[in-house]
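Below is one structure, written out as structure tokens; the observations come after it.
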Amino acid sequence: MEHKTRMDFQEALDLYQDEDLLSLGAMADLVRQELHPDKTVTYVVDRNINYTNICGSGCRFCAFFRPPGHEEAYLISQEELSQKIQETLNLGGTQILLQGGIHPDLRLDYYTELLRFIKTNFPIHVHGFSPPEIHYLARKEGRSLHDTLENLMEAGLGSIPGGGAEILVDRVRKEVSPNKCTAGEWLAVMETAHGLGLRSTATMMFGHVESIEERLDHLFRIRNLQDRTGGFTAFIPWTFQPENTRINVPKASSAEYLRLLALSRLVLDNIPNLQASWVTQGPKIAQVALKFGANDLGSTMIEENVVAAAGVTFRLNREDMIRIIETAGFQAQQRDTFYRPI
């Protein structure tokens, strides 16, 4: 059997720039079939709960955050949190995605108490706190990442979402999210988490101020970290939604989305799952994505606020999700956070 060599940066760049879209999709589909031969497409029933919209990051791409003291700023109450989690469980949900902003006043004990409250009262997995939140918290507390993560895990944190990655290149980050952690700091949170046995996803938000080379830098940085830790369960790329934000660029096309998705499947040979972003692309393109390397449709998103704040409001319930998967010729399978069938 011939030994396949890994795709290197130059090959990826050539394919990205020169290969026609359908051929690229077909190549990605072959890789997907090798990794997932059984024609199953997975999805998860969960809810995005933003425990606060107060954030000091001031990212230019975010239409959701409010500065401290703003009349629309909030911090979730236990009653509201309980109601949202119970509703999720009633709908067959198995996890909540718990994220907020870089809140200037919350200390570690707020987060550990929040987690303990959830774990004591509800049988649900908490997929929570993106690397910028964890990095900021560790720095504010004067603790190591290791120590901070251990405290959160002990209180009930089950896994980490890959948010706040944007593009893992500091030139880009300085321009779009100057107050957020650097690319190296984002990767350090993930490496530390993986070392503690905490699994995570990785994401990419593209189509704003980055170059094609910088998109590829991002993919290869994720691949290199995965080589060391094996801790990423999935990769989720999506396109920047410019409405209501402070970055004035034309919205990336669906063709551009599919091109990057397919390339991700080819480069990230060590990450088992690739998720289609129906939240930004809509259900039709999500179906096409299943032939461009994606094997997962992500979450039913009983609630989603951040993309919605940018004026994009695609909604899907579990029945919609199953219909999309089956009419694309696949079998739908509900999963948990770790891609185990339910």
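The values are calculated or read from the model by the stated rules, or taken from the named source; none is laboratory data. Since the structure is predicted, the reported quantities are computational estimates derived from the model, not experimental observations. Heads up, the Cβs are rebuilt from the backbone with ideal geometry, glycines too, and the neighbour counts pull from every protein chain shown.
Odds and ends about this structure:
- Residues in region 46-61 that are under 20 Å from N244 (Cα atoms) and either outside any loop (DSSP other than H, G, I, E, B) or in contact with a Cys (Cβ under 8 Å, 6 or more places away or on another chain) (or both): N50, T52, I54, C55.
- Helices (runs of 4 or more DSSP H) lying entirely in region 206-308 (those with 1 or more residues that are farther than 30 Å from L81 by Cα, modelled with pLDDT of 95 or more and aromatic (F, W, Y)): 212-229, 254-267
- Picking from residues in region 217-251 that are aliphatic (A, V, I, L, M) and crowded, with 20+ Cβ neighbours inside 10 Å, the one that is nearest to K291 (Cα to Cα) is I236.
- Residue that is farthest from H127 (Cα to Cα) [pool: residues in region 226-250 that are of a type in the set (A, V, I, L, M) and under 16 Å from the mean Cα position of the chain (by Cα)]: I236
- Some residue of region 211-220 being within 27 Å of F64 (Cβ to Cβ) and touching a Phe, Trp or Tyr at 6+ places or on another chain (Cβ under 7 Å): yes
- Residue match in region 25-33 (condition: under 30 Å from G329 (Cα atoms), surrounded by 13 or more Cβ atoms within 10 Å (Cβ to Cβ), touching a His at 6+ places or on another chain (Cβ under 7 Å) and touching a residue at least 60 places away in the same chain (Cβ under 8 Å)): no
- Single match in L216, L187, L196 (criterion: of a type in the set (A, V, I, L, M, F, W, C) and more than 18 Å from the chain's Cα centre (by Cα)): L196
- Single residue of region 309-327 satisfying the filter (surrounded by 17 or more Cβ atoms within 10 Å (Cβ to Cβ) and part of a loop (DSSP other than H, G, I, E, B)) that is modelled with the lowest pLDDT: V312
- Selection from region 123-167 of residues that are touching a helix residue (DSSP H, G or I) at 6+ places or on another chain (Cβ under 8 Å), among the hydroxyl-bearing types (S, T, Y) and crowded, with 22+ Cβ neighbours inside 10 Å: T148
- Residue match in region 114-122 (condition: surrounded by fewer than 24 Cβ atoms within 10 Å (Cβ to Cβ), under 13 Å from A193 (Cα atoms), touching a Leu at 6+ places or on another chain (Cβ under 9 Å) and modelled with pLDDT of 95 or more): no
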